[in-house]
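No value in this document is a laboratory result; all are computed from the given coordinates. Everything numeric in this text was worked out from a predicted model, so none of it was measured. So basically every Cβ, Gly included, is an ideal-geometry build from the backbone, and we count neighbours across all protein chains shown.
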Amino acid sequence: MMTAAIKPTDDADFARFPQFAPFAFRQDRKSVQLANHHYAAHLTRTNPGLAAAVVNAGAVETDILRAAPAAMRLGGKILGPLVYDSIEKAAHNPVETTLRDDWETPTYWGKPGRFEQRTPITLDASVTEHLMDISRTLTGA
């Protein structure tokens, strides 16, 4: 799974999960991103042999700004070479996970292109199950 750069920790407030209404970026960003970590932990606990990971791909050099206002496109062209990672660098860790089996699952990669810099996802199982129960109720699964 891809997510923004956020380490797997147990300090998020999930009181507003999953509605986040009205969405407040500063308040809700962490719990939205950490839900991915919890899902990876859930998948590996409930599916022995399944490998799950969360990856921060970073700011990637794509054509995402093609429909943005002219000023944003210009800013992207000027700052892009300084701040964007190549697609190859962004894809490095996910590709390596398919080629190697020397990584613990679930794992989080916070730095694009740095396969050896990884963090095992060890979250409170009761919080993970609470989030999964909420998700099951929401989806009817």
*Nearest-5 percent of antiparallel DSSP beta bridges in the chain?*
40 percent
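Give me Val32, Val95 ranked fewest to most by other Cβ atoms within 10 Å of their Cβ, as a rough exposure proxy. Can you show the working numbers first?
Details: Val32 19, Val95 11.
With the fewest neighbours first, Val32, Val95 line up as Val95, Val32.
If N is the number of residues in the chain, what value comes out of its Cα radius of gyration divided by 2.2 N^0.38 Å?
Working: Rg = 17.1 Å, N = 141, 2.2 N^0.38 = 14.4 Å.
My calculation over the Cα atoms of the chain gives 1.18.
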*Ala70 versus His130, label points 7 Å from Cα toward the beta carbon: distance in nm?*
5.1 nm
*Which order results if His130, His92 are arranged by neighbouring Cβ count within 10 Å, fewest first?*
His130, His92
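Can you put Arg73, Arg114, Arg100 in order, fewest other beta carbons within 10 Å first?
Neighbour counts put them in this order, fewest first: Arg100, Arg114, Arg73.
Cα convex hull of segment 26-69: how many Å³ per residue? Intermediate values should be presented prior to the final figure.
On the way: hull volume 5.1 nm³, N = 44.
Cα convex hull per residue, to the nearest whole number: 117 Å³.
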*Given N residues in segment 64-141, what is Rg(Cα) / (2.2 N^0.38 Å)?*
1.62
